[in-house]
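Each reported figure results from applying straightforward, stated rules to the coordinates on display, with no laboratory input. Just so you know, these numbers come straight off a predicted model, no measurement behind them. Neighbour counts run over all protein chains shown; Cβ positions are idealised from the backbone, glycine included.
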Amino acid sequence: MTTALGCEAHTRVYRGGALAEEDFPVEQISDLLDEDDAVVWLDLLQPSREDLGVLIEELGLHPLAIDDAVNEHQRPKLDRYKDHLFLSAYVARLDEETAELTISEVAAFITPRALVTVRKSPDLQLAPLLERWDGSPDNGVSGVSFLLHGLLDLLVDGHFTAVQVLDEQIEGLEDVLFDSQPRSQELQRRSFEMRKSLVLLRRVVLPMREVVNSLLRRDLGIVDDRMAPYYQDVYDHVLRAAEWTESLRDLVSTILETNLTLQGNRLNEVMRNLTSWAAILAVTTAITGFYGQNVPYPGFAKPFGFWSSVILLVGAAGGLYVFFKRRGWI
């Protein structure tokens, strides 16, 4: 790790497709690029504008690209300048407990023989990236195309994993939805978190289709014939993640609509039960009210009058109960 800059920096140089040296001073980059077979990678973690100013001197990068690398909340994109490209993308991580999605921005400057990555947070770990590069030494001869593929593959795999985890959590929502004990509050809270995460993930994933598709263009000269199938594979993963995100968003909306429908059905069941019992109580009230009149009636002040009222009350209530039960209202 170099310390010449005010931020954490990592460097590597490849010669003839093989790793030749790493963690050398940033000031040596321009000298290394004078060698015909040298390909350089530089990584900066949370650099300041002054730190990135060194890149203008070493690599001749455009000031507007430097501004984009410093400013937050850039849209995933690929900008083309005279001597280099500027890439903006995002790392996506999903909390499996809360379904909350966190994203962090990554920028990259792409020149014919140098790749500079700018991490705006430590969320993107270098170990998995280096593992990808070191695990495919045969493709190192493709230079920057090889290095850039490792970065894109890592980012897109993170998007794909986030979508997959969200899919599994939405399946769990279906179990909550049809639980015998209604848990509407929990369902609404989790659905809201997932919907919010899907909207955020969609903003990150969808523009990547255009980014990877642009890199595949022949006129850019970034992707050679050796690496073209690997970039096509990344593009396929981007398309799958984008389509999956869209389908999951529709599925969450369907779950919320189904929950409202089930709540309406449960309310109807409750209202039918209450109405049925109210009808039974209304009949019994009418009978007791009739026999409670302060006027003589058949059986007034006689035992058979009392028992006839009790039999009529029980018979009417029982008959209504059987009637409502057969119709499924109770």
*Derived scalar couplings ³J(HN,Hα) [the stretch 233-241; Karplus, 6.51 cos²θ - 1.76 cosθ + 1.60; whole Hz; x for Gly, Pro]*: 5, 4, 4, 4, 5, 4, 4, 5, 5
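Once every DSSP H run of n ≥ 4 in the chain is given -39500 (n - 2.57) and the sum is divided by its residues, what mean residue ellipticity at 222 nm do you get, rounded to the nearest 500 deg cm²/dmol?
Values: 8 runs with 187 residues, N = 330.
Rounded to the nearest 500, the figure is -20000 deg cm²/dmol.
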*For L147, L187, what ranking results if the residue with the fewest other Cβ atoms within 10 Å of its Cβ goes first?*
L187, L147
_Listed residues H10, L101, L187: farthest to the positive end of the dipole of the chain (Cβ charges)_ = L187
*Would you kindly derive the ³J(HN,Hα) couplings of the stretch 78-95 from the backbone phi angles with the Karplus curve 6.51 cos²θ - 1.76 cosθ + 1.60 (θ = phi - 60°), listing them in order in whole Hz, with x for Gly and Pro?*
9, 9, 10, 10, 4, 10, 7, 10, 10, 10, 10, 8, 9, 8, 10, 10, 10, 7
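How high is the relative contact order of the chain? Use alpha-carbon pairs under 8 Å, at least six apart in sequence, and give a whole percent.
Numbers: 431 pairs, mean separation 43.2, N = 330.
The value is 13 percent.
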*Hey, got the dipole for the chain? About the Cα centre, +1 on K and R Cβ, -1 on D and E Cβ, debye to the nearest 20?*
3460 debye
_Long-range HN-HN contacts of A114 with modeled amide H, under 5 Å_ = V40
*Roughly what angle does helix 49-59 make with the longest principal axis of the chain, taking Cα atoms, 0 to 90 degrees, to the nearest 10?*
50 degrees
*Would you look at the GNM of the chain, springs on alpha carbons closer than 10 Å, and say which of E246, E22, E97 moves the most?*
E97
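In which sequence would K77, K82 go, from the one with the fewest C-beta neighbours within 10 Å to the one with the most? The partial results should precede the final answer.
On the way: K77 15, K82 6.
So the ranking, lowest neighbour count to highest, is K82, K77.
Under unit Cβ charges (Lys, Arg +1; Asp, Glu -1), what dipole magnitude, rounded to 20 debye, does the stretch 1-142 have relative to its Cα centre? Could you put the intermediate results ahead of the total?
On the way: 12 positive and 29 negative charges, 101 e Å.
Here the size comes out at about 480 debye.
Find the relative contact order for the stretch 104-195 and round it to a whole percent, using C-alpha pairs within less than 8 Å whose residues are 6+ positions apart. Don't jump to the answer; show the numbers that get you there.
Working: 54 pairs, mean separation 16.2, N = 92.
18 percent.
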*Say the dipole of the chain comes from +1 at the beta carbon of Lys and Arg and -1 at that of Asp and Glu; which of G53, A92, L32 then lies farthest toward its positive end?*
A92
*Give a residue-ordered list of calculated ³J(HN,Hα) values for the stretch 99-106 (Karplus: 6.51 cos²θ - 1.76 cosθ + 1.60, θ = phi - 60°; whole Hz; x for Gly, Pro).*
6, 8, 9, 10, 10, 9, 8, 10
